[in-house]
Each structure stands twice: as structure tokens, then as C-alpha cells.
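Just so you know, all these numbers are worked out from the coordinates, no wet-lab data involved. Computed from a predicted structure; not experimentally measured. Backbone-built Cβ (ideal geometry, glycine too); neighbour counts: all protein chains shown.
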Amino acid sequence: MDKEILLSNIDKVHTTEMGIDRIKKNLRLDTDDVVEWCKKKLLDKGCNIYTRGKNWYCEIDNIRITINSYSYTIITAHIIK
């Protein structure tokens, strides 16, 4: 899948309440709008976006954001060691 598909559907990207808590904890974020924070990262020119299986992986600034490619749900995000 082409990363343009994800970027052209950026308005569909969302997460769950549990997802918000998980992403905040994993990335040690101090923001109320986790989805907006992730979208900014996705739209950054330096973001490496690729698919593996049913997920998009977006890597930038030593973090990896995992997004379901069918529902556009942000599943999790991690600091890349």
C-alpha cells in the first residue's frame, strides 16, 4: 500500500480511550490531544511510513506509531530503542 493512502485519509485517523492512555504512557507525552500529536508526526516529511500485514508503521524521531490500515485506528506507539 502506498503511504499516500494513509496521508490522504489523515482525517480518519483516531484512537480509543485505552489507546490514548497507552500512547501517552509509552511516549511519556504531556498533551491532551494525542491524535493531533500523532497526525503532526505522520505529516512530517521525515516520517518513514510503510505497511506490514494489516498495519501502517510510521517512524520518526525515534518513535514508531502503529495504525490499523483498515480502520485508521492508532493502535500503539513506542520509543524505538
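Miscellaneous remarks
- If the condition is being assigned to a loop (DSSP other than H, G, I, E, B) and more than 15 Å from S71 (Cβ to Cβ), then the stretch 1-24 contributes only D2.
- The set of residues in the stretch 23-63 being free of Cβ contacts under 8 Å to residues at least 40 places away in the same chain and in contact with a Phe, Trp or Tyr (Cβ under 7 Å, 6 or more places away or on another chain) consists of L29, T31, K54, Y57.
- The requirement of being charged (D, E, K, R) and more than 15 Å from H78 (Cα to Cα) is fulfilled nowhere in the stretch 19-29; no residue meets it.
- Residue match in the stretch 9-22 (condition: of a type in the set (V, I, T), surrounded by 15 or more Cβ atoms within 10 Å (Cβ to Cβ) and touching a Phe, Trp or Tyr at 6+ places or on another chain (Cβ under 9 Å)): yes
- Test set (1) under 9 Å from the mean Cα position of the chain (by Cα); (2) closer than 13 Å to I10 by Cβ; (3) not basic (K, R) - T66 fails condition number: (2)
- Residue-level check: of (1) in contact with a helix residue (DSSP H, G or I) (Cβ under 8 Å, 6 or more places away or on another chain); (2) more than 17 Å from E59 (Cβ to Cβ); (3) surrounded by fewer than 16 Cβ atoms within 10 Å (Cβ to Cβ), V34 misses just (3).
- Just so you know, in the stretch 38-71 the residues that are closer than 15 Å to D2 by Cβ and among the hydroxyl-bearing types (S, T, Y) include one that is surrounded by the fewest Cβ atoms within 10 Å (Cβ to Cβ), and it is Y50.
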